[in-house]
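The structure appears right after this line, and notes come after that.
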Amino acid sequence: MKLQELLKHISYIEISGSGDPEITALEFDSRKVKAGTAFIALKGLHADGHVFIPSAIANGTEVVVCEDYPQNVNNDSTIFIKVADTSIAAGMMAAAFYEFPSSRLKVVGVTGTNGKTSIATLLFRMFRQLGYHAGLISTISYRIDDEEETASFTTPDAVKIQQLMSRMVAAGCEFCFMEVSSHAIHQNRIAGIEFAGGVFTNITHDHLDYHKTFAEYIKAKQRFFDLLPANAFALTNVDDKNGMVMVQNTRARIITYSGRAMADYRCKVLESHFDGMLLHLNGQEIWTRFVGRFNAYNLLAVFAVAVNLGQDEQEVYQILSRLEPVKGRFQTIRSIDGKLAIVDYAHTPDALNNVLSAIAGIRTGNEQVITVVGAGGDRDKTKRPEMAREAIMGSDKVILTSDNPRTEQPSMIIKDMEAGVDARFRNKVLSIESRREAIKTAVMLARPGDIILIAGKGHENYQEVNGVKHHFDDVEEVNNFFGTEE
């Protein structure tokens, strides 16, 4: 695409240089730049792309999009485009470069602290079973019908998103379901996307290492709904105290869902078992293969979105009853001698509470609940003692261990978690740095009939230690110690 055509779709302050070169790619990484690439200098968390402008020029770029002109760069053949915010410009340029693919899809974004992956993935599976071509952008993977790519981020960068959506359009997709993280909203990674709808799940303690305050975290999520167009829908969970706050300034059509109050879509759990639950969902009873009140909310949101995208209610009910849980979300494994392990992605205090509450609602009381839990390194430290506290309140035994320590010492992370252990409960808490040993110990402590919850990593098949990812899969570890096969 010619540069002048791209420039029609962004707001810029001024241009230094002249010409109308052919743009063959957009890039943030100066090392990947070559002739024909437009380099966009993003101001990131750890590095400022403006520092790498000379490198991008040396690698052949003729076009640089920046917020500040570089010093000491004497290159008459380079065109500099000065903008107020390169992150917004990146989204708009990427949308134009890929010919606005979201305008040819019905894109639904799901945001909130918990439930994003489940709702987006289940919507994708639902619409595939309804017979549509569809795409998915989630924490676990990026999907275009049956084609799958392992995800690197919950919400990828603006160029990657538009590229994925362009491929979806080329494959004949009509729908795209995507997770929208607070980081992505704040960093304008969703700029240039036309949304048909947005879903708010809930908001609880998370990402304060990034947003600094809970108020700023709420503000980031709210901005997603503020940006929705008038012809979109905004589905919000009114049982969350910030549910209506999220949509108070939206132009979109507001739709509500609830498990407790009056709402457009309602759901009640009638029976709970470890292999599923019976729901009264918007006037009809259905059996599902999901467990826990939090999953009832997820399924209700999936139902509401499907109906608001024009699908037949009875057909949606039928498919809901056939859908299976997402990998690593309340995934159950039984040993030969009758122990039950549950692997779940719960990595926030609220998510951990939800899973333990689901277990409490089903258990007989004669069995032990043994919880293995850690907390991520280089992330919000304030939630670490809360994670330990939630584990203790819902378990008979707790093993504090490593999650993804990243660049932190596991012992220090565990020490932060131990601060949440009241002296009265010290005797039921063990601290074991090795996650493998922690899982092995939980299996050894468990008796037939006991329940082992392994929380925090869910679907992840790696553990990041000292900045290096090593293969590690909670489900594989459980099967190994159970002597069973996955």
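For the stretch 142-261, the pair-distance distribution built from all alpha carbon pairs, in bins 10 Å wide starting at 0, is 13, 40, 35, 12, 0 percent.
When only the Cβ of Lys, Arg, Asp and Glu is charged (+1, +1, -1, -1), the dipole of the chain relative to its Cα centre reaches about 960 debye. Look at the dipole of the stretch 298-368 built from charges on Cβ: of VAL316, SER357, LEU340, the Cα furthest out on the positive end belongs to LEU340.
The antiparallel fraction among DSSP beta bridges confined to the stretch 233-382 stands at about 70%. Candidates TYR98, MET1, PHE177 compared by Cα position along the dipole of the chain: farthest toward the positive end lies PHE177, with charges placed on Cβ. Pairs over the 32 Å Cα-Cα cut-off, from the set LYS8/LYS219; LYS106/LYS221; LYS219/LYS381; LYS2/LYS469; LYS327/LYS428; LYS106/LYS383: LYS2/LYS469; LYS106/LYS383. Taken about its Cα centre, the stretch 134-261 carries a charge dipole of roughly 560 debye when the Cβ of each Lys and Arg holds +1 and the Cβ of each Asp and Glu holds -1. Calculated accessible area for the chain comes out at 42 Å² per residue, all protein chains present (probe 1.4 Å; ligands, DNA, RNA ignored). Solvent-free Debye calculation, one equal scatterer per alpha-carbon of the stretch 388-486: log10 I(q)/I(0) at 0.11, 0.15, 0.16 Å⁻¹ equals -0.34, -0.63, -0.71.
In the stretch 1-139, the ratio of gyration radius to Kirkwood radius, Rg to Rh, stands at 1.08 when only Cα atoms are counted.
Rg/Rh for the stretch 237-357 stands at 1.00; both radii use Cα atoms, and Rh follows the Kirkwood definition. This model, with +1 at the C-beta of Lys and Arg and -1 at the C-beta of Asp and Glu, gives the stretch 379-444 a dipole about its Cα centre of some 80 debye. Judged by the mean number of other Cβ atoms found within 10 Å, the most tightly packed of the peptides 333-346, 27-40, 5-18 leads the ranking 333-346, 27-40, 5-18.
For the stretch 208-296, the orientation-averaged shadow of the C-alpha convex hull comes to 7.4 nm² (one quarter of the hull surface). Ordering MET92, MET126, MET393, MET412 by accessible surface, largest first, gives MET393, MET412, MET92, MET126; the 1.4 Å probe counts only protein heavy atoms, with every chain in place. For the chain, the longest principal axis of the Cα atoms and the long axis of helix 435-445 meet at an angle of about 20 degrees. Need one number: % antiparallel among DSSP beta bridges in the chain, to the nearest 5. About 35 percent, rounded to the nearest 5. Against the chain, whose longest principal axis comes from its Cα atoms, helix 349-360 is set at around 30 degrees. Along the axis of the charge dipole computed for the stretch 415-486 (Cβ charges of +1 for Lys and Arg, -1 for Asp and Glu, origin at the Cα centre), the listed residues GLY420, PHE481, ILE439 are led at the positive end by GLY420. Between the helical axis of 86-97 and the longest alpha-carbon principal axis of the chain there is an angle of about 80 degrees.
Across q = 0.07, 0.10, 0.12 Å⁻¹, the chain modelled as identical point scatterers on its alpha-carbon atoms has Debye log10 I(q)/I(0) values of -0.41, -0.81, -1.10, in the order of the q list. Of interest is the spacing of the C-alpha centroids, which for the stretch 370-387 and the stretch 421-442 amounts to 13 Å. In this view, the solvent-accessible surface of ARG379, computed with a 1.4 Å probe and all protein chains in place, comes to about 110 Å².
Over the stretch 337-407, the alpha carbon radius of gyration divided by the compact-protein estimate 2.2 N^0.38 Å works out to 1.14. When Rg and the Kirkwood radius Rh are both evaluated on Cα atoms of the stretch 273-330, their ratio Rg/Rh stands at 0.94. Solvent-accessible area assigned to carbon and sulfur over the chain amounts to 47 percent, based on a 1.4 Å probe.
The values are calculated or read from the model by the stated rules, or taken from the named source; none is laboratory data. None of these values were measured; they are calculated from a predicted model. Quick reminder, even Gly has a Cβ in these numbers, built from the backbone with ideal geometry, and neighbours come from all protein chains shown. All accessible areas refer to the heavy atoms of the entire protein, side chains included, with ligands and DNA or RNA removed. Shrake-Rupley method; radii C 1.70, N 1.55, O 1.52, S 1.80 Å.
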